[in-house]
Structure formats: C-alpha cells, structure tokens
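Q: Sharing a structure here in structure tokens format.
The values are calculated or read from the model by the stated rules, or taken from the named source; none is laboratory data. What you are looking at is a predicted structure, and each value in this text was computed from that prediction instead of being measured. Virtual Cβ from ideal backbone geometry, glycine too; neighbours counted across all protein chains shown. These accessible areas exclude ligands, DNA and RNA; they are computed on the full protein's heavy atoms, side chains included. Shrake-Rupley method; radii C 1.70, N 1.55, O 1.52, S 1.80 Å.
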Amino acid sequence: MAESILFLTGHLARPRLEAVLAGMKASFAWKVLDIGVKVAALMTEEIIARRLPKPVEADKIMLPGRCRADLARLSERFGVPFLRGPDELKDIPGFFGRARKASDMTKYDIQIFAEIVDASALSVEAILARAEGYSRAGANVIDLGCLPDTPFPHLEEAVQALTAKGYKTSVDSADAAELLRGGKASADFLLSLNEDMLHLVDEVKSTPVLIPKEHGDMASLYRAMDALDARGRAYLADPVLDPINFGFMTSLERYAQLRRERPKAEMLMGTGNLTELTDADTTGITAVLLGIASELHIRNVLVVQVSPHTRRTVEEHDLARRIMYAARADHDLPKDYASGLLALHSRRPFPQTPEEIAEAAREVRDKNFRIETAEDGIHIYNRDGHHIADEVFELYPKLEVEKDGAHGFYLGVELARAEIAWRLAKRYAQDEPLDWGVAADAPADDKTRLREAGHTLIAKKKRQAL
C-alpha cells in the first residue's frame, strides 16, 4: 500500500494546500487536517498535542515549515514520525522531489587547502585564529603562504602550533630553504616543487605538490611524477590553473590531459586565479570549477580569500564539493540538492501569484498588515485595503501609520527588505531574514520555539505599561 501522510495546517492555508497536493500527482496517499488556528505558522507543539486526534491514521505527519515544535517529542507522543515541510506551500512538490535524491550532504571527496597568504606577516596567535575560521568554514588543510623576499622566522613555530591544535598543514613557497624548514617542522604538504627541487623529498616526510618547471611544461611535470613514482613516494600534481585571457582554457586542457594520461594520479587545482582575478560573484565560478574537479576526479583544491569579494570562498567550495559529490553519485544534475550557492537570486522567487495573494487578502478581517511579493511587485494588505507597488515609498501614504512610530519603523524595515528581494528575484517571507546562502551567516533559528514578539508588539506593550 502507498504511504499515507497527514498534513496539518490552518484555516487560511487549507484550500491552497489541498489544491497543491491534488495537483502534484503524489506517489503517497494524503489527508489535510485543519488544526484550528487561523495561520499555520502559529501552530504550536501544545496546540498539536491537544487537538490532534488519537490514534493517528497515517504513516507520517507533516508540519508547515514555519511551525515551531519539537518533532522528536511529538513523534514519541503520537507514535508516528513528524516531519517539517517547506516554508511555502508551492514548494511541497519540490520538497518531495528532493527527498528522492541523496539527502546526505555530509559526504565529499575533495580536500580544501585554505591558504593564509600573509602568514609571514602574522603572529602565531593570529595564524591560529585565521586557521580556526577557515576550518570552521570547511578547510581540511591550513596552508601557510610564504611571501617572496620576506623573512618568516616563526615558520616552524607556526607549523608546530597548528599541528598541536589538530590541523593538517602545508607550506607554500618558491624558496627551497623555506620548504625544507616547513617539512622538517612536520608540515603535511609542501607546495610547490618542480623537478629541480625533488631532493627535498628525501629529507622530509611531507607530501609534495608538484608543478611544471616552466609554466605549461607538462613534460617536466611528468618527469617529476615518474621520479617520485620510482621512489614509491606519494604526491599531488598541479598543472596550474591560469586566469581568464592568460591561458585559462589551455590550462584546463592540461588538467584534462593529465587525467587522461595518468588516470590514477592525485591532483590539486588552485582556484584563486579565477575567484580572485575575476570581478564576478564567486559562487558561480566556484560551482563550475568544483564541477570540473568532480568530473576529472581532482581531489584537492587550493583556496585563497584575499579580495573583499572572495570573503566566503572557503564556504562556497565546501558546499560546492558536497553538491557535486551527491550529484555525481546519483548520476544527476547538480540542482535541487542545496540552494546555498544561489546567493543573489532564487530559482522560485515568487511562490504566490498576484491572483492568489488577492484571494488571500479578501479573507483578512483584522488590521495587521501582511506583506508578500509577486511578479507584479510588493503587496501589502489588511482588512482596510490591498496595495501594490514596485517602489515602497509609494505605499507609505496609504498605510496611515504616521502617528505610530514603532509600527511605521517596522513596516519600513519589512517593506525595504521586500523591495530588495523583489528586485533581485529572491524569496521573501515577512518577519524572516533574507536568505543569502553561503554568502552570509544565517541567524540562529530554534525550530522548537516561536520567536520573540516583534517590534510592533513590544512597543505596544511598553506603551500600555506606562
């Protein structure tokens, strides 16, 4: 028999929920239960516990995405698994589509080297602080960048301090003496050695990253690889990625050539020549480069975060490698696994049509303003009217909040947020922060509790207490 799912909702959303479920040709049987609240998001764990009839005649129970409740407690109480669905009704078909895909986004096979490019200019304490941030963002190896003609007297101390904290380390230098110092301090990797520097490998246990002796000289890279193969030493090979207009496509061909000719070789790709040297948002660049790495089975990437516009590149690489791993494992396109790389635009920015918003507005019987966005602009409505504009300044004279500063401030903040979302074609939900994906940290959100009262209610209570 088909699995049965009971959807809990409120008065206003029930007709729309039933229409969405009826139209999606679900592979499961479903029922909708109005739990007795007007707005589904106001459903609480206590309300569900009191009003949901027992025994539950369903295999699973789905709550609205904005419902605050402890799913584990409810599941135990009713003996049926509780799930939290998407925030918007229109996303339910996509939600169940994604559920058929790999949901385990913890897996990846690409190791991130995060370079501290100015390590020689930083104290050991500052290096450790930077390493903690990179590690939290997803880095697996902390790379100490050595600057040309710049002394690094505390190199050994830095490597040892990082190792003591449990970090894998690498040292990146064109100076053989610095690489030797890093290796003797027990760095895990040394970047970047050419065929004339292979004597260093005999003096340290570090894994070398090999590069061509002259730029683009693949023959010299192969000679270095052959020499280490003969010694039984592990290494990573890096043909070196070039910036756009300076050999980018040719350098990509080098990576493809190396994979064809040495199918088992471990490789590294440095992505900074694209992310740092291209004035474009790095989320898309990172996705493409990690897609290339996934196809070519390049299992190591070197990432830098120097330019202000690349300040979240480690986070971007971390998510991109997980998406590419899941998609490759499923033999599928890298879409509908995670939306964190869609920082500026949403794939489905407007869950409601103007007609659906108008229908909802006609049902409202109170003075509280609702704000939504659709293709035609920003909508704001309550029992006294429904207004639409593409610039929020046009709305203010119609709201009649001149004598209520707190309410006016709240509406100003929300309408500004709505206009930003509308212009960028991002998803907007009233009283919720905009989702910037991995481009910004998301506020902490406790899914088991309703949020604190907003600006308007707090101000109202303060006035009443006076």
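Q: Take A161 and tell me if it is among the hydrophobic types (A, V, I, L, M, F, W, C), out of contact with any strand residue (DSSP E or B) (no Cβ under 9 Å at 6 or more places or on another chain), touching a residue at least 12 places away in the same chain (Cβ under 8 Å) and surrounded by 15 or more Cβ atoms within 10 Å (Cβ to Cβ). Show your work before the answer.
A: On the way: among the hydrophobic types (A, V, I, L, M, F, W, C): yes; out of contact with any strand residue (DSSP E or B) (no Cβ under 9 Å at 6 or more places or on another chain): yes; touching a residue at least 12 places away in the same chain (Cβ under 8 Å): yes; surrounded by 15 or more Cβ atoms within 10 Å (Cβ to Cβ): yes.
When the stated conditions are applied, A161 passes them.
Q: Further, regarding this structure: Which of the residues belonging to the stretch 1-40 are under 16 Å from R51 (Cα atoms) and among the hydroxyl-bearing types (S, T, Y)?
A: T9
Q: Taking helices (runs of 4 or more DSSP H) that fall entirely within the stretch 203-287, which contain at least 2 residues that are under 19 Å from N300 (Cβ atoms) and either of a type in the set (S, T, Y) or touching a residue at least 60 places away in the same chain (Cβ under 8 Å) (or both)? Quick ask: steps written out before the conclusion?
A: Values: elements: 218-231, 248-261, 272-275.
Here the list reads 248-261, 272-275.
Q: Residues that are touching a helix residue (DSSP H, G or I) at 6+ places or on another chain (Cβ under 6 Å), open to solvent by less than 40 Å² (accessible area, probe 1.4 Å) and modelled with pLDDT under 90: does the stretch 344-360 have at least one?
A: Checking the stretch 344-360: at least one residue is touching a helix residue (DSSP H, G or I) at 6+ places or on another chain (Cβ under 6 Å), open to solvent by less than 40 Å² (accessible area, probe 1.4 Å) and modelled with pLDDT under 90.
Q: Of everything in the stretch 100-131 that's open to solvent by 60 Å² or more (accessible area, probe 1.4 Å) and in contact (Cβ under 8 Å) with a residue 24 or more places away in the chain, which residue is farthest from the chain's Cα centre (by Cα)?
A: If we take residues in the stretch 100-131 being open to solvent by 60 Å² or more (accessible area, probe 1.4 Å) and in contact (Cβ under 8 Å) with a residue 24 or more places away in the chain, then A121 is farthest from the chain's Cα centre (by Cα).
Q: Further question: Where residues in the stretch 275-295 are open to solvent by 10 Å² or more (accessible area, probe 1.4 Å) and among the aliphatic types (A, V, I, L, M), which of them is farthest from the chain's Cα centre (by Cα)?
A: Here the residue is L277.
Q: What number of residues in the stretch 301-315 are in a helix (DSSP H, G or I) and either among the basic types (K, R) or open to solvent by less than 10 Å² (accessible area, probe 1.4 Å) (or both)? Please lay out each step first, then the result.
A: If we filter the stretch 301-315 for residues that are in a helix (DSSP H, G or I), which is where we start, we get 308-310, 313-315.
Within this subset, residues satisfying the condition of being either among the basic types (K, R) or open to solvent by less than 10 Å² (accessible area, probe 1.4 Å) (or both) are 310, 313-314.
Final tally of qualifying residues: 3.
Q: Right, another one. A374 passes all but one of (1) open to solvent by less than 10 Å² (accessible area, probe 1.4 Å); (2) farther than 20 Å from R348 by Cα; which number fails?
A: Of the numbered conditions (1) open to solvent by less than 10 Å² (accessible area, probe 1.4 Å); (2) farther than 20 Å from R348 by Cα, the odd one out for A374 is (2).
Q: Is there any pair linking a residue in the stretch 164-179 that is outside any helix (DSSP H, G or I) to one that is of a type in the set (G, A, S), with Cβ under 7 Å and at least six apart or on different chains, and which?
A: Y167/A131; Y167/S135; T169/A187; S170/A187; V171/G182; V171/A187; D172/G145; D172/S192
Q: Now, a different point. Go over the candidates A287, A256, A234 one by one and state the one that is over 27 Å from K335 (Cβ atoms) and modelled with pLDDT of 95 or more.
A: Values: A287 fails: over 27 Å from K335 (Cβ atoms); A256 fails: over 27 Å from K335 (Cβ atoms).
It is A234.
Q: Go through (1) over 22 Å from G133 (Cα atoms); (2) part of a loop (DSSP other than H, G, I, E, B); (3) of a type in the set (A, V, I, L, M); (4) open to solvent by 30 Å² or more (accessible area, probe 1.4 Å) one by one and return the number of the condition I298 breaks.
A: In the conditions (1) over 22 Å from G133 (Cα atoms); (2) part of a loop (DSSP other than H, G, I, E, B); (3) of a type in the set (A, V, I, L, M); (4) open to solvent by 30 Å² or more (accessible area, probe 1.4 Å), I298 misses (4) alone.
Q: Could you name every one of the strands (runs of 3 or more DSSP E) located completely within the stretch 365-443 that has at least 1 residues being touching a residue at least 60 places away in the same chain (Cβ under 8 Å) and either acidic (D, E) or within 16 Å of E88 (Cα to Cα) (or both)?
A: Details: elements: 370-374, 377-382, 385-389.
So the answer is 370-374.
Q: Looking at the stretch 68-79, which of its residues are touching a helix residue (DSSP H, G or I) at 6+ places or on another chain (Cβ under 8 Å) and either in a strand (DSSP E or B) or open to solvent by less than 30 Å² (accessible area, probe 1.4 Å) (or both)? Talk me through it step by step, then tell me what you get.
A: Pass one, the stretch 68-79, residues touching a helix residue (DSSP H, G or I) at 6+ places or on another chain (Cβ under 8 Å): 68-70, 73-74, 77.
Hits for the stretch 68-79 are R68, A69, L74.
Q: Which residues, taken from the stretch 112-136, are part of a loop (DSSP other than H, G, I, E, B) and under 21 Å from N300 (Cβ atoms)?
A: Initially, the stretch 112-136 is screened for residues part of a loop (DSSP other than H, G, I, E, B), giving 117-118, 122-123.
Hit for the stretch 112-136 is V117, nothing else.
Q: Report yes if G65 is open to solvent by 20 Å² or more (accessible area, probe 1.4 Å) and either in contact (Cβ under 8 Å) with a residue 40 or more places away in the chain or small (G, A, S) (or both), otherwise no.
A: Answer is no for this residue.
Q: Sticking with this structure for a sec: Given (1) open to solvent by 50 Å² or more (accessible area, probe 1.4 Å); (2) outside any helix (DSSP H, G or I), where does A139 come up short, assuming only one miss?
A: Unmet condition: (1).
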